[in-house]
Amino acid sequence: MKRMLMLGLTLVMVASLLAACGGGNNSQSSPANQADGKQKKVSIALWTLSGSGWEWVVEAVEQFQNENPDIEVVHSSYAVDPMKENLKVAASSKTMPDIWFTWGGSLGSFYPENGLALDLSEIAEEHNYAEVYNKAALDMSTFNGKLYGIPMRLNALSMWYTKEAYEATNLQPPATFAEFEEQLEILKNAGYIPLAFGSKGGWHTMRLAELLIEHYGGPELHDQLLSLSASWDNEAVIQTFAKLKEYTDKEYFPKGYVSLDPEEAQNLMYQKKAAIINEGTWFDSSIITSGFDVNDFGVFKFPTEQSPVRPSVFAEMLQISADASPEKQAAAIKLGEYLTSVEVINQFVDVYGSPATLNVNTSEANPHMKEILDSASDGAFQIMDQALPQQLIQKWFEAQDRVALGDWTPQQAAQEMDKAVQEYVSKNSQ
Amino acid sequence: MELRISSTRKVVHYAVLIILAILFLLPLVFIFFTAVKSNADLASKPIYAFPAKIHWENFVKAWDQGKMSMYMKNTLFICLVKVPLGILIEALAAFALTRLKFRWSIPMFSFFLIGMMIPMQATLVPLNMLLNAIHLKGTYPGIFLIYLGFGIPFGIMILRGFFRTIPKELDEAALIDGCSDMGKFLRIILPLSMPAIATLIIFDFMATWNEFLLAQIFISDQSMRTITLGLLAFRGDWSTDYTLMSAAVLISVLPVMIVYLLFQKYFVNGLAGSVKG
């Protein structure tokens, strides 16, 4: 028996050695331009997200290659966190792909700030991007006055409510902030969790906090805060923290919401235990994927009582490598424009998300998307976790949690936030 | 009286073991419940609730939609190459460290151990640059090199410990019979070290099968992706298909369980031997 085992083990070892020496059968090491010798192909590496909602890219890339036989696209896709991790490693080791997906704001600005992304301003002018893409999406892909990304999606956020809770309590979507607060109390007394927020990760509750800042401070101050040109130790920020604490104490949030996963907060909406949540243009498809009916939910603008009533928005884009050869850059731009073209979006409109491209069809599978996108047409502000530098947004998340847990008073939280902002500004102005 | 103490002790002993077993099995039960629920059932009821209807088809969907066969094939290929190759290298190194008398054996052993102290995360950037420079990024040889490098220190530590428990007299007898060093290694040390090797096979197979961090950085080609990366396909930007993901998780643990069951009878002996002396 032992002899047989030894023999087996030895055979496997020998086979392993041979296999390892032989290399991978899927090796990418052979460049496309050496493939056939007939036609010189440009090979470009594309990185996008993966998973549900991104399957269409594979088909679109295949179509693109058929239409452009001189371009080979090596497509790699990653889930959200691996994508961020891979981009970080690639940026640090100067091995960026030729074209990659990224988010706007401080996540996307990292690459132009470090000279890794190509300035597309001239291309934008030549190809008339102003008439192709939504202005807000172009603005959010612009850093220091230069365009560094081909806008892909523009997501807007809104308040979503369960029709069952509103019908059971005879309520209509609120028109004023006072009415909104009255409704929270009514919903609570009727046995619903008024606000389905999960603070694990910080960003979900942040969506409510930024609306409160907009309400208390107004658009001008809000924009100044996000651009770090106003003090964060001000009345609007203190009132925001105070309101979060008040809602926590009144149990408007789910029990233990500080450590609750946002997806669990969504489940409370599906279970009809909660009444209101803040989600975006993508929530229709989340509801459908989870096996529920989108018609059981409605949306309303958060009554900030400001003019205009601005929702939070954020952009997603495709950036091109500044280090790639001019041929690869041209091919990557062609691919980026193809993936954001009206034809491709109309073909995949039900799964594309909310496109940044103008004049595209609307999806019947996402009945609330148009209403939410329209709510941003008068103006919008960039979502806080993309507008603020990453270390400052982490400070904000910490402040939110500490206020909720009673570790910091609202005044202390505003002071701590301001201190962090000042430190950041002085460090980066040196 | 003594009998009563002994049976009371036994009862307590078993009670503790049963409680521990339940604690360990509970997450698996919840994963199973999640795997056989519909998405609506999962979202509308607590995680510990029994499924309203058993959806066995989730396993088929997970297998097809999640391309599980491709991911399992890729992972199995990596494991079947990396694990035996790694153990061969580790055994040769451990043999040299314990049986071939040379001056720097202790410092060299310490050098190998340093490999265990370097966090993987700290090596991602330099390894990425290195593999890119030698055109091995995204290739199987590149993956094998990295996996072997990270696995070797632990394997050497286990095998060196075990080899030291094998009496030197056996070496002397082999020498008298005219056995070479390689003969000693193949005919005496390796056969006697089966418990330690079986232990390593289990550990190494599990570690390679479950490896995520290195795979997510160094395997960019979709068709080469491993099972841990494949499981993430059920996660989109805004939502996660937990039912199919749980079904896929249950499918993905089967090979590890099979390997464990095959080699588990050697497992305890191997570990005990490796820490002696």
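What do you reckon, how do A:Lys163, B:Lys137 stack up by accessible area (1.4 Å probe), largest on top?
Order by accessible area, largest first: A:Lys163, B:Lys137.
Specify whether the C-alpha gyration tensor of the range A:143-222 places it in the rounded, prolate or oblate class, a ≥ b ≥ c being the square roots of the eigenvalues: rounded for a/c under 1.5, otherwise prolate if a/b is larger than b/c and oblate if not.
prolate
Can you give the calculated 222 nm mean residue ellipticity of chain B, where each DSSP H run of n ≥ 4 adds -39,500 (n - 2.57) and the sum is split over every residue, rounded to the nearest 500 deg cm²/dmol?
Values: 12 runs with 203 residues, N = 277.
Rounded to the nearest 500, it is -24500 deg cm²/dmol.
Antiparallel versus total DSSP beta bridges in chain A: what percent is that, nearest 5?
The answer is about 65 percent antiparallel.
Of A:Gly291, A:Pro355, A:Gln319, which is farthest towards the positive pole of the range A:291-357's charge dipole, taken about the Cα centre with +1 and -1 on the beta-carbons of Lys, Arg and Asp, Glu respectively?
A:Gln319
Note every residue of the range B:67-90 with a reduction of at least 30 square angstrom in accessible area, all protein chains present versus the isolated chain, computed with a 1.4 Å probe, or write none.
Flagged in the range B:67-90: B:Val81, B:Pro84, B:Leu85, B:Leu88.
Computed on alpha carbon atoms, what radius of gyration and Dmax characterise chain A, expressed in Å?
When restricted to Cα atoms, chain A yields Rg and Dmax of 24.7, 84 Å.
State the answer as a single residue: which of A:Gly280, A:Thr240, A:Ile71 lies farthest towards the positive end of the charge dipole of chain A, with beta carbon charges of +1 for Lys and Arg and -1 for Asp and Glu, about the Cα centre.
A:Ile71
Tell me, in nm to one decimal, what length is gained between A:Glu371 and A:Asp350 on full extension, where the rule is 0.36 nm per residue of separation less the Cα-Cα distance?
On the way: separation 21, 0.36 × 21 = 7.56 nm, distance 1.58 nm.
This chain segment gains 6.0 nm when fully extended.
With each label point set 7 Å from Cα along the Cα-Cβ vector, what nm distance links A:Glu59 and B:Lys10?
According to this spin-label approximation, the distance is 6.6 nm.
Set the Förster radius R0 to 30 Å, insert the Cβ-Cβ distance between A:Glu251 and B:Ala40 as r into 1/(1 + (r/R0)^6), and round the FRET efficiency to 0.05.
On the way: r = 27 Å, r/R0 = 0.91.
That pair, A:Glu251 with B:Ala40, gives E of 0.65.
Taking beta carbons within 10 Å but only from partner chains, what does the mean come to for residues B:140-147?
That average works out to 4.
Can you list residues from other chains, or at least 5 along the same chain, whose modelled amide H is less than 5 Å from the amide H of B:Gly236?
Under 5 Å from the amide H of B:Gly236 lie the amide H atoms of A:Ser52, B:Asp241, each far enough along the sequence or on another chain.
Can you give the local net charge around A:Ser307? Use residues other than it whose beta-carbon is closer than 13 angstrom to its beta-carbon, Lys and Arg +1, Asp and Glu -1.
Overall, the nearby charge balance is -2.
In the range B:1-55, what percent of the accessible surface is made up of carbon and sulfur (1.4 Å probe, ligands and nucleic acids excluded)?
Working: 3190 of 4170 Å².
Here carbon and sulfur together make up 77 percent of the probe-accessible area.
Enumerate the amide H contacts of A:Glu279 below 5 Å, restricted to partners 5 or more residues apart or on another chain; note that Pro and chain-start residues carry no placed amide H.
Those lying under 5 Å, H to H, from A:Glu279 are A:Ser158, A:Trp160.
Residues of the range A:346-370 with the amide nitrogen closer than 18 Å to a label point 7 Å from the Cα of A:Lys135, along Cα-to-Cβ, please.
Within reach of a label on A:Lys135, which here means backbone N under 18 Å from a point 7 Å along Cα→Cβ, the range A:346-370 contributes A:356-360.
Determine, for chain B, the count of lysine pairs separated by eight or more sequence positions (or lying on different chains) whose alpha-carbon distance falls under 13 Å.
Values: B:Lys37/B:Lys45; B:Lys37/B:Lys53; B:Lys37/B:Lys61; B:Lys45/B:Lys53; B:Lys101/B:Lys168; B:Lys168/B:Lys184.
So the count works out to 6.
What FRET efficiency do you get for A:Ser429 and A:Lys84 if R0 is 22 Å and r is their Cβ-Cβ distance, rounded to the nearest 0.05?
Once rounded, the FRET efficiency stands at 0.25.
Roughly how big is the B-A contact, given as buried accessible area in Å² (both sides, 1.4 Å probe, nearest 100)?
4100
Run the reach check for A:Lys301 against lysines, Cα to Cα strictly under 17 Å, same-chain hits fewer than 8 apart removed. What comes back?
Correct list for A:Lys301: A:Lys163, A:Lys370.
With a 1.4 Å probe and all protein chains kept in place, how do A:Phe177, B:Phe30, B:Phe267 rank by accessible area, largest first?
B:Phe30, B:Phe267, A:Phe177
For a test of the definition: using alpha carbon positions, the gyration tensor, and the 1.5 limit on a/c, classify the range B:1-102 as rounded, prolate or oblate.
In terms of gyration-tensor shape, oblate.
Please tell me the relative contact order of the range A:189-284 in percent, rounded to the nearest whole number, where contacts are Cα pairs under 8 Å and at least six residues apart.
53
So what is the relative contact order for chain A, in percent, with contacts set as C-alpha pairs under 8 Å and at least six apart?
Details: 668 pairs, mean separation 103.5, N = 430.
RCO, chain A: 24 percent.
Ranked from the most accessible area to the least, with a 1.4 Å probe and all protein chains present, what is the order of A:Phe241, B:Phe109?
The most accessible residue leads, giving B:Phe109, A:Phe241.
Quick one: which residues, 5 or more positions from B:Ser220 or on another chain, have an amide H under 5 Å from its amide H? H modelled 1.01 Å from N in the peptide plane, none for Pro or chain starts.
The list, which skips near neighbours in sequence, is B:Gly138.
Tell me, in nm to one decimal, what length is gained between A:Thr409 and A:Ser92 on full extension, where the rule is 0.36 nm per residue of separation less the Cα-Cα distance?
Net length gain for the segment: 110.2 nm.
Could you list log10 I(q)/I(0) for the range B:67-275 at q = 0.12 Å⁻¹, which the Debye formula gives when each Cα is one point scatterer?
So the normalised log intensities work out to -0.71.
The values are calculated or read from the model by the stated rules, or taken from the named source; none is laboratory data. As the structure is a prediction and not an experimental result, all values here were calculated from the model. Here the Cβ is made from the backbone with ideal geometry for all residues, glycine too, and neighbour counts use every protein chain on show. Accessible surface areas use protein heavy atoms only, side chains included; no ligands, DNA or RNA. Shrake-Rupley method; radii C 1.70, N 1.55, O 1.52, S 1.80 Å.
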